[in-house]
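Remarks on the structure that follows.
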Amino acid sequence: IIVGAYQSTFDAVAANKRIATERAVFKVIPAAKSIAEFVALPTGGVEKVGAGDTPAGAVKFFAAYDGSGQLAGIAAEGGAKGYADTVRIMFGYSPTCQCIVGIGVVAMRETPGIGDKIITDKEFLANFNALDVKLKGDLSVLANEVRAVKHGTKTSPWQIDAIAGATITSRAVGKAINDTAQALLPRVAPNLDKL
């Protein structure tokens, strides 16, 4: 019975996950009218996701296009250990400013009223209006590590002003962005013309 229930609901669950992912992409890149799924290959370069398996070490991301078909931004998912469990976020990247332009939470189990403030706290969300994720001149790594700092001590555009009382969750968001951006952006930046 369990196997039958799993098999009969598998397609619906997969469709719901796809819809939730698409909604998250459109949320973090508001100018987007259409999206396409790509992978950044470990050897460098990007390719559109097909029916085959994703190569080991590849990083999946979404290219978002505006109404005229121009690249509006890139969305990627990242995750890091929070207070209770892994915090999974989707973030939007603008190649124009080389910055994060929005985040959305994909999944988390943080303490209600404390850790879940990463969804509702306007000051915290303001960190992601133009969070600096520029690459070094050789495009090999981020110029500065993205990280959360104690509430009220932010001094640089690549720092995230943490939520007081939810520092662990705030740090998880910073780590998720940093780790994914470090793996993705050096592969994507030289290949923006291929998106």
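Return the carbon/sulfur percentage of the accessible area of region 1-144, one whole number, probe 1.4 Å, all protein chains in place.
Details: 4470 of 8130 Å².
Within region 1-144, the accessible surface is 55 percent carbon and sulfur.
The convex hull defined by the C-alpha atoms of region 104-182 has an orientation-averaged projected area of 5.2 nm².
Karplus-derived 3J(HN,Hα) values for region 114-120, using 6.51 cos²θ - 1.76 cosθ + 1.60 with θ = phi - 60°, are 10, x, 6, 5, 5, 8, 10 Hz; glycine and proline are entered as x. Backbone geometry of region 122-129 corresponds, through the Karplus equation with coefficients 6.51, -1.76 and 1.60 at θ = phi - 60°, to 3J(HN,Hα) couplings of 4, 5, 5, 5, 5, 4, 9, 6 Hz, x marking Gly and Pro.
What FRET efficiency comes out for the pair Asp116/Ser140, r = Cβ-Cβ distance, R0 = 22 Å, nearest 0.05?
Numbers: r = 36 Å, r/R0 = 1.63.
The value I calculate is 0.05.
With N counted as the residues of the chain, its alpha-carbon radius of gyration over 2.2 N^0.38 Å works out to 1.05. A Förster radius of 22 Å combined with the Cβ-Cβ distance from Ala189 to Lys154 puts the calculated FRET efficiency at roughly 0.30. Stretching Arg109 away from Lys60 to a fully extended chain increases their span by 15.3 nm, per 0.36 nm per residue minus the current alpha-carbon distance. Normalised per residue, the accessible area of region 1-149 is 56 Å², obtained with a 1.4 Å probe and no contribution from ligands, DNA or RNA.
For Ile35, Ile119, the ranking by accessible surface with the largest value first comes to Ile119, Ile35, using a 1.4 Å probe.
The values are calculated or read from the model by the stated rules, or taken from the named source; none is laboratory data. The structure displayed is predicted, hence computed values, not measured ones. Note that each Cβ is placed from the backbone with ideal geometry, even for glycine, and that neighbours are counted across all protein chains shown. We work out accessible area using only protein heavy atoms, side chains counted, and drop any ligands, DNA or RNA first. Shrake-Rupley method; radii C 1.70, N 1.55, O 1.52, S 1.80 Å.
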